[in-house]
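Read the structure below first, then the notes.
The values are calculated or read from the model by the stated rules, or taken from the named source; none is laboratory data. Remember, it's a predicted structure, so these values are computed and weren't measured experimentally. Here Cβ is always computed from backbone atoms with ideal geometry, including for glycine, and neighbour counts include all displayed protein chains.
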Amino acid sequence: MIENDINSVNEIKALALDMISNAKSGYPGIALSAAPILYTLYAKHLNFNPENPGWLNRDRFVLASGHATSVLYATLHICGFPITKEDLKQYRNIDSNLPGYPDKELTPGIDVSIGSAGLGISNGVGLALAERYLRNIVKSEEEEQALIDYRTYVFCSDIDLMEGVSYEATSFAGAQKLDKFMLLCDISGITNDGEVKNNFIEDLEMRFESIGFYVGTVKDGSNLKLIDKAITNAKKSKKPSVVFFKTIIGKDSRNENKSVSFEGPLSDDDVFAIKRKLNVTVAPFEVRKDSVVYIRSLINNRVREKYSLYINSFNKIKSSANDRLLKLLQLLVNKEFNIPFESLNFKVNDSYNENLLMTNHKILNMVASKTEFLFGGSADVASTTKVYIDHTSIQSPEKPLGRNINFGLREEAMAGILNGISLSGLKTYCSTKLINADRLKSSMRLSAYMQLPIVYFFTHDGFGNGEDGPTQESLEQLDMLRSIPNLKVFRPSDINEVLGIWEYICKEKGPICVILGNNKMPKVLNTHPKLTLKGGYIVKKEEVHLDGILVATGREVLDALNIAVELKKENLDIRVVTMPSIELFLKQDKTYQDQILPKTCKTIVLEPNSKLSWGIFVKDPNDIIGLNDFGYSGHQEEILRKIGYDYESLKITIAKLFLSNRKN
C-alpha cells in the first residue's frame, strides 16, 4: 500500500511540474516539497466528496500558501474533482478555471479565494469558529446526527508565519480553543530572497505552545507514514493544532534547498531528470490509471459512511415536523441571506435627536432578533462603537452560542476571520474606528471579490477623534474604501438613512461599509429610507430657479440644508442633495443621475474627508470642500474652526463659490 501512496505522490509532483512548465510561470519548489503533505491529507484524512464539492458537512481546506496552487490542483484532479487534463494545461492562463492563486468562484474544491501571505490562516480560523457556532445551534435538535461536525485544515509555509496576521489569528484561535482547527506548515527554511534564518529566528514550537496550540513536528516532511501519524495525533487534541513539516524546497531538482527553485519554471532537462528519479514514465499531463483508481477508492471507502450518514440525517429532517432545523439547513446550503426588514415600518418622531451609534445599535438588535445567522464583533472597541448584540454572551468555548465576538485588538485578523465566518453561510459584521480601515484592507478586498455578506461599521470619521490628535483622525480612508470594486460605502446623515442602509444590508449580498459619526443627529428634513437605496436624492429642491447644487454626506447634510436656507437671502436658490452612497448613485440609470445632478449646473460638494472621490461630480476641483491635510489635537469644534470647517466658515466659503459663479 505504501508503494501505491508513493507512486501517487510522485505523479502529483510530475503533474504540478507539467503545469508550471506549460504556463512558463509558477512555484516549483513548494510543489515538490508539499506534495506528500497534501496527498496524505486528502487521501487519508480530509472528508470531502468530489461529486458534491459543496457538501455542507465536508471538512474545509484553505491553501494559505497561494504559491502552492499547482500541487493543490494536481491533487484535486487525481482525487476526482471536476478538473480535466485540459484544465491543467490552461493553468495560470487567461480565462482559465485554474488561476495562479486559489479562487473559489472558478475552481471546484476551493473553499476560499486567497490573497496576501498569511491571510488564509485567519480565514481558516473564521471557518472553524463558524463551525462551532453552527454545530451548537444544530446540536440542540434531536435529529442533529452528523449534520455539522467538520474540521478546518489550513496549509501554510514559514513565509506565512512571518506575517503579523498569522500571529493575530492563531493567538485568537488559541484563546478560543478551536479544537477543530489544524495548521499544516511546510517549513523549508527558504524564501524567494534566501534563507529564512537570516531574518526569522523565533522558536515556532514554543510560539504555538505559548498561545494554546497542540504542536507536532515531522522532521522528514517527505515521509508519508510520519505525516499520517502526525495528523492523526493532532486530531486527537482538544486544542487547536499545528504540525510542522521539515521539508526540502525543490526536492530532487538540481536546485533543491536553494531559493532559485522558489519561483519560475525549472529547465526541461531538470524536469526530465526529476521524473526519471521519481519513476514517472507517463507523458506530460497523464496519470496512470492504477494511481487514479487507488486514491479515489481510498477516499471513497473512508468518506462514504460519513457522507451517507449526513444524507440520511438531512432526509430524516425533511420528512419530520422540525421546520426550524430544516429551514436552518436550507439557508446554510443555499446561502440565502435575506432577513425580513422593511425600513418604512418605522415611524421616526420629529423630535428625534440621538447619536447615530446608538441608533445603529438599536436597529442591529432589532435585526438580530429575526435570525440566528447574524453575529459578529469588534476589535476591542464595542463599548465605543456600540456595535454589539444585547442579551447574549461573548463567543467562547464555554458559551459557543454567544453572538458577540471579542476579537481583541486584532483588526487585520478580525477582517480575515469574518471572511471565513461568512463563507460558512452566516451574515456577519465588525466594527472599529475609521482610521483603522487600512488594517482591514487586504481582507476587505477579498470579501468584495467573493461578494461576501459582511458589514464593516467604521466610526469616528473626520476629526471624530479630535483630542487624540492628527494621527488618529481619518482623512484618506473613505477614498480607499470607495476605490474597492463591489464594495458599497454609506455615510448616512440621520436615522432615516440608517434605516435604509439596514434594509439594504438585510436584502442584498456583498460587503458593505457604514461610516457613522459620533455626534447627536436630529431627523434631517426630507430624508427617506427608500431613497437612500438610490445612493443620492434631493432633500431640498430649489424654489424658483436652480442657481446651484450643494451635495453633502453624513452630518454635513444638516449644515448644507441650513446654509441653503441662509443663501436665499443672497438671492441664491440652492438645491441640496444628500449622497449617502456614491456607488449606489452611480448604479442608477443616466436619466435619474441627470435629474438629480444636471451637468449644466454648478455643483459644490461638502464632505470632511479627502477630495478624491468627488471629481466626477464637479467642474472645478475647488468646488469640493474637503480636507487636504492632517488635523490637530483638540476638541472637535475647535479643530473645525481652526481649519475653516465650522458652520460659519463653511457658509462663507460656499456663498463665495456660488456668487462667483453667478458673476461669471
Conditions (1) crowded, with 20+ Cβ neighbours inside 10 Å; (2) among the small types (Gly, Ala, Ser); (3) in a loop (DSSP other than H, G, I, E, B); number of the one not met by Gly264: (1)
Of the criteria (1) in a loop (DSSP other than H, G, I, E, B); (2) within 23 Å of the chain's Cα centre (by Cα), which one Leu364 fails: (1)
Test for Asn97: is it part of a helix (DSSP H, G or I), modelled with pLDDT of 95 or more, over 30 Å from Leu226 (Cβ atoms) and not acidic (Asp, Glu): no
Those residues of the stretch 467-484 which are of a type outside the set (D, E, K, R), over 18 Å from the mean Cα position of the chain (by Cα), part of a loop (DSSP other than H, G, I, E, B) and surrounded by fewer than 24 Cβ atoms within 10 Å (Cβ to Cβ), in sequence order: Gly469, Leu475
Selected residue (criterion: nearest to Val551 (Cα to Cα)) from residues of the stretch 633-664 that are basic (Lys, Arg) and in contact (Cβ under 8 Å) with a residue 12 or more places away in the chain: Lys651
Condition check for Arg58: over 24 Å from Leu226 (Cβ atoms), charged (D, E, K, R), crowded, with 18+ Cβ neighbours inside 10 Å and out of contact with any Pro (no Cβ under 9 Å at 6 or more places or on another chain): yes
Residues located in the stretch 312-330, provided they are farther than 16 Å from Ile148 by Cα, within 33 Å of the chain's Cα centre (by Cα) and hydroxyl-bearing (Ser, Thr, Tyr): none
Subset of the stretch 135-146 [in contact with a Phe, Trp or Tyr (Cβ under 9 Å, 6 or more places away or on another chain) and either crowded, with 24+ Cβ neighbours inside 10 Å or modelled with pLDDT of 90 or more (or both)]: Arg135
Single residue of Glu467, Glu508, Glu497 found to be more than 26 Å from Leu533 (Cβ to Cβ), outside the structural domain of Ala128 (by TED's automatic domain parsing) and acidic (Asp, Glu): Glu467
Whichever residue in the stretch 372-404 is out of contact with any helix residue (DSSP H, G or I) (no Cβ under 9 Å at 6 or more places or on another chain) and among the polar types (S, T, N, Q) and, among such residues, is nearest to Asn338 (Cα to Cα): Ser393
Conditions (1) among the small types (Gly, Ala, Ser); (2) touching a Phe, Trp or Tyr at 6+ places or on another chain (Cβ under 6 Å); (3) under 26 Å from Trp502 (Cβ atoms): number failed by Ser613: (2)
Qualifying residue in the stretch 165-183 (condition: among the charged types (D, E, K, R) and within 13 Å of Ala413 (Cβ to Cβ)): yes
Residue identified as more than 30 Å from the chain's Cα centre (by Cα), buried (at least 20 other Cβ atoms within 10 Å of the Cβ) and among the polar types (S, T, N, Q) among Thr232, Thr217, Thr247: Thr247
Only listed residue being surrounded by 14 or more Cβ atoms within 10 Å (Cβ to Cβ), more than 30 Å from Tyr39 (Cβ to Cβ) and not small (Gly, Ala, Ser), chosen from Leu298, Leu326, Leu344, Leu309: Leu326
Single residue of Glu105, Glu51, Glu11 found to be assigned by TED's automatic domain parsing to the domain that holds Leu147, surrounded by 22 or more Cβ atoms within 10 Å (Cβ to Cβ) and of a type in the set (Asp, Glu): Glu11
Residue among Gly425, Gly416, Gly376 that alone is at pLDDT 95 or above and either under 20 Å from Lys180 (Cβ atoms) or not assigned by TED's automatic domain parsing to the domain that holds Gly500 (or both): Gly416
Hey, Leu183 more than 20 Å from Leu72 (Cβ to Cβ), outside any helix (DSSP H, G or I) and not polar (S, T, N, Q) or not: no
Matching option when the condition is touching a Gly at 6+ places or on another chain (Cβ under 6 Å), within 29 Å of Tyr101 (Cβ to Cβ) and outside any helix (DSSP H, G or I), among Ile405, Ile417: Ile405
Filtered residue count, the stretch 370-402, keeping only those that are in a loop (DSSP other than H, G, I, E, B) and of a type in the set (S, T, N, Q): 5
Members of the stretch 533-573 found to be over 28 Å from Lys488 (Cα atoms) and buried (at least 19 other Cβ atoms within 10 Å of the Cβ), listed by number: Asp547, Ile563, Ala564, Leu567, Leu572
Residue within the stretch 234-242 that is without any contact (Cβ under 8 Å) to a residue 60 or more places away in the chain, assigned to a strand (DSSP E or B) and not aromatic (Phe, Trp, Tyr) present: no
Members of the stretch 485-510 found to be small (Gly, Ala, Ser) and either under 18 Å from Ala448 (Cα atoms) or in a helix (DSSP H, G or I) (or both), listed by number: Gly500, Gly510
Qualifying positions in the stretch 195-228 - closer than 24 Å to Lys180 by Cβ and part of a loop (DSSP other than H, G, I, E, B): Ile211, Gly212, Phe213, Gly221
Leading residue by the ranking (farthest from Asp559 (Cα to Cα)) among those in the stretch 628-654 that are small (Gly, Ala, Ser) and surrounded by 15 or more Cβ atoms within 10 Å (Cβ to Cβ): Ser633
Among the candidates Gly402, Gly462, residue that is more than 21 Å from Tyr504 (Cα to Cα), touching a Pro at 6+ places or on another chain (Cβ under 9 Å) and not charged (D, E, K, R): Gly462
Unique match (being in contact (Cβ under 8 Å) with a residue 12 or more places away in the chain and under 30 Å from Leu374 (Cα atoms)) among Leu147, Leu224, Leu204, Leu161: Leu147
Some residue of the stretch 296-304 being of a type in the set (S, T, N, Q), in the same structural domain as Arg58 (by TED's automatic domain parsing), in contact (Cβ under 8 Å) with a residue 40 or more places away in the chain and in a helix (DSSP H, G or I): no
Any hit, the stretch 48-55, residues being aromatic (Phe, Trp, Tyr), over 18 Å from Phe155 (Cβ atoms) and in contact (Cβ under 8 Å) with a residue 60 or more places away in the chain: yes
